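Notes for the one structure printed next.
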Ligand code: HEM
Ligand SMILES: *[C@@H]1O[C@H](CO)[C@@H](O)[C@H](O)[C@H]1NC(C)=O
Ligand SMILES: *[C@@H]1O[C@H](CO)[C@@H](O)[C@H](O)[C@H]1NC(C)=O
């Protein structure tokens, strides 16, 4: 072909172009597109939205749980639906790893939406995409912003118990740890502060904020006292409290207002406004809900782009809880 007759410099140009092309293809999120199922599953968006709406109408907290499920999926080996896999004889999955064990929830909602999607277009839509759409629809159902979700992710065939702990930051994290863990996933400090605004909805267990409300000093005293009423020094580990005590069922920017008043529930929330480099972002988002919403949306899209399986990688699972 023409390439064999090319002069040496031209060959180098071709080689460089091929290398660049390979790099581009390796960045597989380039394959994701909001129109991915436009022809193959035109009812996808309405089917997922109906499922999320009815689940959130029944229990508002479910919207929070689905949003968190997507975060925990994406941070562990990419947004590949791996968190949805139950243990099999050949692997122990992510669900019982410390950050997830008895904590992440919403699997039944995703499975039931998947069932409905299979009815309208069997074998076409990945569980990873259903989870990503469900996270967006949850935010919308609780009064938050909407955005176009990029689609085309495929499902993993496996999941890794041991990869969870190093990827999901613990609620005892310092600001440096949070920034580093997010940086590893290609997310900036700005993304970190915006995405933490997800803690405007949902709940946390006493176990995770006990040390903060009894031992920390960067906490409002009356707020700490109030939280201590249902989170004793000893026991009560599973008692829950809202992450945003003001409007726990509304997706708004009061989370940041709480931080300014030292009324964050988790240490990992308060460190975002504790004299460090992210203070000004917390103040910006408190003052300007439009800035919060647009940065949150941009960061959600970035998070949804973490290492997806695309093309012929992985599979389209028949049910979300096990590989085909
Ligand atoms: C920045 C680091 C983060 C840490 C340390 C963290 C930690 C936690 C912890 C400890 C809980 C309570 C779990 C329990 O009690 O069982 C929680 C709940 C939650 N997290 Fe995060 N999180 C972080 C970031 C995020 C992000 C990026 C999102 C989503 C974009 C998110 C969404 C949620 C939601 C919505 C809940 C409430 C879930 C429910 O009520 O079921 N979190 N988080
Ligand atoms: C997960 O929680 C269950 C129930 O409390 C417990 O028995 C099990 O040891 C936990 N698993 C891990 C890996 O921590
Ligand atoms: C408070 O800190 C002390 C000393 O580190 C520790 O022993 C204790 O368990 C902490 N209390 C709570 C409720 O976490």
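The values are calculated or read from the model by the stated rules, or taken from the named source; none is laboratory data. Small disclaimer: the values here were computed from a predicted structure and weren't measured. Cβ atoms come from the backbone with ideal geometry, glycine included; neighbour counts cover every protein chain shown.
Residues in segment 228-244 that are closer than 23 Å to residue 140 by Cβ and in contact with a helix residue (DSSP H, G or I) (Cβ under 8 Å, 6 or more places away or on another chain): 243, 244.
It is to be established whether one or more residues within segment 161-170 are more than 16 Å from ligand 3 (Cβ to nearest atom) and not in a helix (DSSP H, G or I). Yes, segment 161-170 contains a residue that is more than 16 Å from ligand 3 (Cβ to nearest atom) and not in a helix (DSSP H, G or I). If I filter segment 121-129 for residues that are outside the structural domain of residue 197 (by TED's automatic domain parsing), within 14 Å of residue 53 (Cα to Cα) and either in contact with a strand residue (DSSP E or B) (Cβ under 9 Å, 6 or more places away or on another chain) or part of a helix (DSSP H, G or I) (or both), do I get at least one hit? There is no residue in segment 121-129 that is outside the structural domain of residue 197 (by TED's automatic domain parsing), within 14 Å of residue 53 (Cα to Cα) and either in contact with a strand residue (DSSP E or B) (Cβ under 9 Å, 6 or more places away or on another chain) or part of a helix (DSSP H, G or I) (or both).
A quick yes/no check of all residues on (1) touching a residue at least 60 places away in the same chain (Cβ under 8 Å); (2) in a helix (DSSP H, G or I); (3) within 15 Å of ligand 1 (Cβ to nearest atom):
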| site | (1), (2), (3) |
| --- | --- |
| 180 | no, yes, yes |
| 187 | yes, no, yes |
| 195 | yes, yes, yes |
| 226 | no, yes, no |
| 230 | no, no, yes |
| 236 | no, no, yes |
| 251 | yes, no, yes |
| 257 | no, yes, no |
| 265 | yes, no, yes |
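The condition of being surrounded by 15 or more Cβ atoms within 10 Å (Cβ to Cβ) and within 16 Å of ligand 3 (Cβ to nearest atom) holds for only one of 190, 233, 227, that being 227. Given the structure, is residue 160 surrounded by fewer than 21 Cβ atoms within 10 Å (Cβ to Cβ) and modelled with pLDDT of 95 or more? The answer is yes for residue 160. Restricting segment 96-111 to residues that are in contact (Cβ under 8 Å) with a residue 60 or more places away in the chain and surrounded by 14 or more Cβ atoms within 10 Å (Cβ to Cβ) leaves a set whose member that is nearest to residue 171 (Cα to Cα) is 99.
Checked against the criterion of being within 16 Å of ligand 3 (Cβ to nearest atom) and out of contact with any helix residue (DSSP H, G or I) (no Cβ under 9 Å at 6 or more places or on another chain), the candidates 205, 267 yield just one match: 205. Looking across 200, 217, one residue alone is without any contact (Cβ under 8 Å) to a residue 12 or more places away in the chain and either away from ligand 1 (no atom under 13 Å from the Cβ) or closer than 26 Å to residue 287 by Cβ (or both). It is 217.
Every residue, every condition in (1) in contact with a strand residue (DSSP E or B) (Cβ under 8 Å, 6 or more places away or on another chain); (2) within 19 Å of residue 182 (Cα to Cα); (3) assigned by TED's automatic domain parsing to the domain that holds residue 102, yes or no:
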residue	(1), (2), (3)
231	yes, no, no
246	no, no, no
254	no, no, no
260	no, no, no
276	no, yes, no
284	no, no, no
